[in-house]
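Inspection log for the structure reproduced underneath, given as structure tokens.
What follows draws every value from the coordinates through simple rules; no lab data is involved. From a predicted model like this one, the values you see are computed outputs, not experimental measurements. For neighbour counting, all protein chains shown are included, and Cβ atoms are generated from backbone atoms with ideal geometry for every residue, glycine included.
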Amino acid sequence: MNTILRKSILGIAGLTVAGGLAAGPLNHDTSTPTTRNDAAVTTTQAAKLDSAALIPHGVQGTQSRIDLDDEQTANVKAIIAATKKAGMDERAAVVSIATALQESKLENLGHLGDRNDHDSQGLFQQRPSSGWGTVEQITDPEYSTMAFLKGLKQVDGWRDMPLTKAAQTVQVSAYPDHYAQWEQQAADLVAEHWNS
């Protein structure tokens, strides 16, 4: 949460508490006493607003979650930075991170030999043979994210689609519904790192 918003919330909560103390003796209704929990309620409401922007359609299906190491966290930050550079919003970052979670678990994968799906590489498992760029380009987190976002921008109405449909329209995966399982973790990561 940014500093200005936090100060505003705490200021409102302070006024609420002070107002409650000043009016307390005059107020005989003890069913809803004013306490310091008002700040927590206001913070919770702000978090819900953030969540509504990050996950406007709600999550679909069972959600998966993995613990991230330093490299994966750095890749999350690189995706967010590229999203901002592309002039796109937090929702685009959520779609991008969920896609990378599904495709590579946020690991910048090189050629995997026999375990590789054709020549797919990088965070988004993009293929040089499909025109995504050179191996060097698609294994650069900024480039691969910008390439993904360029595809996302071309999807009419992507903001109004469930995440998995938007991601699938760009990626054309053999497993189109698998992106949905990462939406909550992607939203949590964007909420944590967007302003860092």
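For a paramagnetic label modelled on GLN60 (point 7 Å from Cα along Cα→Cβ), amide N atoms under 15 Å away belong, within region 161-196, to 161-184. Amide hydrogen proximity for GLY122: with H placed 1.01 Å from N in the peptide plane, the residues at 5 or more positions away or on another chain lying under 5 Å are LEU109, GLY110.
In plain terms, the chain from ALA74 to LYS105 could stretch by 9.9 nm, reckoned as 0.36 nm per residue minus the Cα-Cα distance. Between SER196 and SER51, the simple spin-label model (points 7 angstrom out along Cα→Cβ) gives 2.0 nm.
Past 18 Å, Cα to Cα: identify those pairs from LYS84/LYS105; LYS77/LYS105; LYS85/LYS150; LYS84/LYS150, in the order given. Don't skip to the end; give the middle numbers.
Details: LYS84/LYS105 21 Å; LYS77/LYS105 14 Å; LYS85/LYS150 12 Å; LYS84/LYS150 13 Å.
Flagged as over cut-off: LYS84/LYS105.
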